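In what follows, a single structure is set out as structure tokens and then discussed.
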Amino acid sequence: MTMLSLAYVAVGGAFGSMSRYMLMVSVSRYLSPSFPYGTFAANVLGSFLLGVVIAIIATMPPARARDLQLLLAVGFLGGFTTFSTFTMDAFMLMEKGLLVETILYVLGSFIVSLLAFIAGMYLIRLVAY
């Protein structure tokens with residue numbers, strides 16, 4: 001671990017967190033606040049982008065790939081996606097007695113995020129090869 005590595009993670013994380021906040025505010029203006037659409041959108045979009053980043057990084061020289069992985073995958077997307085907010089949102093839905101919504105949110109988040117990651121990887125593989 002070097003100071004440059006920490007700087008990549010810090011800068012990426014700051015921009016990722018700011019981007020998540022802007023997305024969540026934007027989504028909440030247009031969709032019902034009774035369901036955590038913003039967190040769902042951030043995690044699905046982040047998973048798609050992670051698939052894209054990982055597929056691109058796999059084609060690069062190791063030194064360059066490491067720097068981009070720290071900046072984008074660990075930093076930006078680590079700050080953009082949010083497991084802790086996902087967990088809190090699921091708990092809040094449960095607390096409100098919204099069992100069906102809780103189950104849809106938890107399973108939907110996992111399944112759709114996994115599919116988004118796979119789509120991102122295959123998109124880059126399709127374009128690059």
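Values quoted throughout were computed directly from the atomic coordinates according to the rules given, and no laboratory measurement underlies them. Fair warning: this is a prediction, and the values are worked out from it, not measured in the lab. Reconstructed Cβ throughout: ideal geometry from the backbone, glycine too, with neighbour counts over all protein chains shown.
Tabulated data
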read-out	value
Angle between the chain longest axis and helix 99-128 axis [Cα atoms, degrees, rounded to 10]	20
For region 83-129, projected area of the alpha-carbon convex hull averaged over all directions, nm²	3.5
Cα-Cα P(r), region 3-128, percent of pairs per 5 Å interval	2, 12, 18, 20, 19, 13, 9, 5, 2, 1, 0
Sum of -39500 (n - 2.57) over DSSP H runs of 4+, divided by residues of the chain (222 nm, nearest 500)	-27000 deg cm²/dmol
Where labels lie 7 Å past Cα in the beta-carbon direction, separation of residue 129 and residue 28 in nm	4.2
Selection from 14, 107, 36 lying farthest towards where the dipole of the chain points positive, charges on Cβ	14
